[in-house]
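Written below as structure tokens is the structure these notes are about.
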Amino acid sequence: MTNSSTRHSAKQRLIDVAAEIVSTQGVQALTLEGVAAAAGVTKGGLIYHFKTKDDLLEAVVKAMLEDWGQRNRAKAILAGNSSGDLLRAMIDDTLDMKPGEKQLMSNLLAAASNYPHLLGPVRDLYDHLYSDFANSGPHNGTALVIAAALDGILMLQLLDFHRFNEHERNAIRLALYTLAKQLT
């Protein structure tokens, strides 16, 4: 293993440990010392990669967004790579989100008022995603409506305003899939 790949894996380990702490305990429990100890590195080793807690939090957000994007793009490519395929992947991802990922997103959302810089990467993702859907062809309005509906569903879940039961999730999935068929 090269030094570069060792550094990359060490950096990724620190991000993963930080994400686990944020997911299970909240952002307020995240400290550089705690991440270093949980990752089995010195605080100096952590600071080599992340100078501040803010830098580490931003890396957690970027890694979460990158993972989400890669996961949905991979599903879309396997299905044919149309806007409809990407939306169907996003539908499934939103409605079948794992509890740990949902908790991480919820805790990061709650922290956004104290760490507004965390919203920058999220805004960039949404700007790119909605721009792509706006330029996706003759049914671009449908693509935008589906994306916005998914974001609303996700916010309801993250803010714990409503927990969709299996019957509701299936009904939503069917309705959104039907709309997404226009986009293939």
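Some observations on this one:
- Protein accessible area in the chain, 1.4 Å probe - carbon and sulfur %: 57 percent
- Partner aspartates and glutamates for Lys181 [C-alpha distance under 15 Å; skip if fewer than 8 residues away on the same chain]: Asp85, Asp92
- For the stretch 82-184: rounded, prolate or oblate by the Cα gyration tensor [a/c cutoff 1.5]: oblate
- C-alpha long axis of helix 140-158 to longest principal axis of the chain, angle in °: 50 degrees
- Total charge dipole magnitude, the chain, about the Cα centre, Cβ charges on Lys, Arg, Asp, Glu only, Debye to nearest 20: 280 debye
- Pairs of lysine residues in the stretch 1-84 - Cα separation under 23 Å, sequence separation of 8 or more or cross-chain: 10
- Averaging the sequence gap over all C-alpha pairs within less than 8 Å and six or more residues apart, then dividing by the number of residues, gives the stretch 64-132 a relative contact order of 23 percent.
- Choice from Arg88, Arg163, Arg73 with maximal GNM fluctuation in the chain (Cα, 10 Å cutoff): Arg163
- 1.4 Å probe accessible area per residue over the stretch 1-95, in Å²: 51 Å²
- Neighbourhood charge, 15 Å Cβ-Cβ cut-off, centred on Ile153 and excluding it, Lys, Arg +1 and Asp, Glu -1: -3
- For the stretch 92-132: rounded, prolate or oblate by the Cα gyration tensor [a/c cutoff 1.5]: oblate
- Rounded to the nearest whole Hz, the Karplus-based 3J(HN,Hα) values (6.51 cos²θ - 1.76 cosθ + 1.60, θ = phi - 60°) of the stretch 134-139 follow the sequence 5, 9, 8, x, x, 10, with x at glycine and proline.
- Of Glu168, Glu66, Glu58, the residue with the greatest mean-square motion in the GNM of the chain, using alpha carbon springs below 10 Å, is Glu168.
- Label assignment, P(r) over Cα pairs in 10 Å bins from 0, in percent derived from the structure, set (i) 9, 38, 36, 13, 3, 0; (ii) 9, 32, 31, 20, 8, 0; (iii) 9, 38, 39, 12, 2, 0: (ii)
- Cα centroid separation - the stretch 168-183 against the stretch 113-147, whole Å: 19 Å
- Note on the chain: helix-only mean residue ellipticity at 222 nm, from DSSP H runs of 4+ residues weighted -39500 (n - 2.57) and normalised by residue number, equals -25500 deg cm²/dmol.
- Annotation: for a label point projected 7 angstrom from Cα along Cα→Cβ of Leu119, no residues of the stretch 55-94 have a backbone N closer than 15 Å.
The values are calculated or read from the model by the stated rules, or taken from the named source; none is laboratory data. Please read all numbers here as calculations on a predicted model, not as lab measurements. Counting neighbours? That spans all protein chains shown, and the Cβs are built from the backbone with ideal geometry, glycine included. Keep in mind that these areas ignore ligands, DNA and RNA; they rest on the heavy atoms of the full protein, side chains included. Shrake-Rupley method; radii C 1.70, N 1.55, O 1.52, S 1.80 Å.
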